[in-house]
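Okay, so here's the structure we're looking at.
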């Protein structure tokens, strides 16, 4: 009863500015002091009352008590409770919403994902068709090798779960996993492995030279394969991670140009030349890398701007690679992630070792001192890494050699004048490179070399013209090309290569490295050889290109490192 | 005395033509733009804000600032300096292409007007056949053995536009070649080459002017197109096409860098075309009274000399005038 009255009074009290009402209150309270503030604001009055009620706590006066009771309903804690309740409801609501949202997106994990790539393979025949574009999409996805590469370019088990190497390093014994199958359901055993490797060697398929040291490959029981070598070969295991180590089904009948039967987590659903390659999860897959996304569509987008538009319009969820300078339009957009991964691409500015001017070591050194590699990297967007020698960080034998020839224009000028060049007789050189690398890099080199007194005549030509002039005829002063292969130090140990670089010491060191029996020995020989090469200045390694990938938020498991060589896709997922 | 007189007349006539062009809005615009073009080309020979050799990898694709008025490009070079230096390359290409077009076109025209009918007919057929070759294709073919260069652009465009010029000027030239005064000149023993230069060329001047100005405008466009295709100017040679080609793939991110060369090319092509139009109107004694008076006066001065060329040339203009008036009354 009292409660109800109180409530009514409170509402009245709160709602009214009426003098009479407040007077009545004051009279009710029996407090003379209150009357002095009679017509002033509610809050004011209330404050007085509050003071008063605390002051008279425990009073036996009825009216006072009732007043006290009535006003205990008003104090701020109600509002605090209300506020807490409101916050709790809002927070709870948000949590509930987010929870619902996240459960919703679990349900929305896409069954398919589209990936934009640049270089398209001509066909799918991995034994006869060259080109990194084929390795990129098929190895690790459709075909598997005895061993594979991890994200740091190291050798890891694949079809073979383990292997042992004999003391003389001439016999490798691989043990296969149990229960391996091809995508057509056939069992994969050691006979398939032996057949694959032997037929590669005997038919001289693509990459057969990687197994040049192999004497025999034989099956020993269902799960053991023995590889015997003519001489120790430290490069064998890594070579087996590429095409050389792939295991194919001897009994399968299919058109290798448009189909593929392998043991990987995916199988080829359809292939449209220069357009797309569709991969589907392999239902017979045996291993732990089971495909997380049912369908993967690889689209080939050669035009950079068209590729970026495809990414923005969600025609593809991933774009690899994206031109670094163009990526800023994507990275500004909050829906995308742009990241650079490590790579083994070496932009090599080669100086013709047999050229009339570049055979002079002082000239070559002067060019190396004159080039500001940092500026080149910065102008490209800054993701690329400095590289001072022929071996990049992801390859064995790497050593930071960037301090051998730092950017030093004074030294460059001094070396040039020692070599007999000056302002009245400037050094004139031709630089020839393929137009796929853009004109900027040539313009910058010309400008940098001009500063020390070298006149560079830049010829930007078709790739075929470069192949003819430089690669085949070795008729050039300076050449620029992206040597993207991993483990390609052998080019410096080959005097017939277009570099025209002939250093007996380097050749010996490389031979020793290849025939070494332990990894550390292999790497130390390579390191020594690489240093020798860099000191000779047969080229300037402008930078180590790092591949930039852009993908929509929600894409996970896409490999960033080395994804232009091998692109394992089993872990890729997309949550819209 | 004669030489001085004719030189004085040439100066006066040039002055009159320029003045009447200046009095037209589109003429003034085109004269201003072309004047600035020539001025900038001259200045760029001696001075550009930054050296063309200067690049800065740490400051690429900069926005316009006090340091770089139009910003920097993908190599960190100053865009304004390259555009200024590009204007002289484009001016050179323009002038030389017009010259090649004029010479080649007039030679073809002469061949088509040859008195040996078979020769004339064959050249008509050959020109009709050659005209179907696109200029880009000619440039591509030339670039294979010679490599990309300014000369390839000039040769390809001069060839293509020369064919066009000859083809378009032929009907009018034919009319004049068959006129009475040409026949009388020939029967008086004038040489064919003299008749061609003294009677036919001056009378097809309006067509030539327009065609050559269109060629000048088109070659600016062709330069940028061919350079974009990689068969135009060599890398390192400044030109508007070079500036455009190096920045066009970044149009989505750095649109300003593409805007400048694009704007310049548009302006120049527009003013070249307008210039051709106004020049035709102002340099034509039929429509420019001042010029006609000046010519009449100088003709008076020279009336003492017997020069069949002058006389018949005046006759030709009268013929033309009659034609225009009859045409006008017919409408």
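The numbers here are math on the coordinates, done by the rules we state, and not lab data. Quantities reported herein were computed from a predicted structural model and do not represent experimental measurements. Ideal geometry is used to build each Cβ from the backbone, glycine not excepted, and the neighbour counts take in all protein chains shown.
A few remarks follow.
- Simple spin-label estimate for residue A:177 and residue B:188 in nanometres, 7 Å along Cα-Cβ: 10.3
- The modelled label-to-label distance for the pair residue B:221/residue A:154, using points 7 Å beyond Cα in the direction of Cβ, is 6.2 nm.
- Between the range A:334-359 and the range A:451-516, the C-alpha centres lie 12 angstrom from each other.
- Order of B:136, A:316, B:125, B:40 under a 10 Å beta carbon neighbour criterion, fewest first: B:125, B:136, B:40, A:316
- Inter-probe distance in nm under a simple model that places probes 7 Å from Cα toward Cβ, at residue A:337 and residue B:132: 5.9
- Share antiparallel - DSSP beta bridges, the range A:342-547, percent rounded to 5: 55
- A straight chain from residue A:77 to residue A:521 at 0.36 nm per residue would run longer than the Cα-Cα distance by 152.2 nm.
- Exercise: per-residue mean of other protein chain Cβ atoms within 10 Å, A:436-447: 6
- Placing R0 at 35 angstrom, the Cβ-Cβ distance between residue B:23 and residue B:99 gives a FRET efficiency of 0.75 after rounding to 0.05.
- Most fluctuating residue given options B:45, B:124, B:210, as computed from a GNM of chain B linking Cα atoms under 10 Å: B:45
- Prolate/oblate/rounded label for the protein assembly as shown (Cα gyration tensor, a/c 1.5): oblate
- DSSP beta bridge pairing in the protein assembly as shown, given as percent antiparallel to the nearest 5: 75
- Taking chain B as a Gaussian network of alpha-carbon nodes connected by springs under 10 Å, the highest mean-square fluctuation of the residues B:178, B:198, B:28 belongs to B:178.
- For the segment B:263-269, counting C-beta atoms of other chains within 10 Å of every residue's C-beta and taking the mean gives 0.
- Note on the range B:104-175 and the range A:272-303: Cα centroid distance 55 Å, given to the nearest whole angstrom.
- If R0 equals 45 Å, the separation of the Cβ atoms of residue B:32 and residue A:393 corresponds to a calculated FRET efficiency of about 0.15.
- Between residue A:436 and residue A:86, residue separation times 0.36 nm minus the direct Cα-Cα distance comes to 119.8 nm.
- On the basis of the beta-carbon distance and an R0 of 51 Å, residue B:10 and residue B:119 show a calculated FRET efficiency of 0.90.
- A straight chain from residue A:556 to residue A:328 at 0.36 nm per residue would run longer than the Cα-Cα distance by 80.0 nm.
- Residue mean of other protein chain beta carbons inside 10 Å, B:52-63: 6
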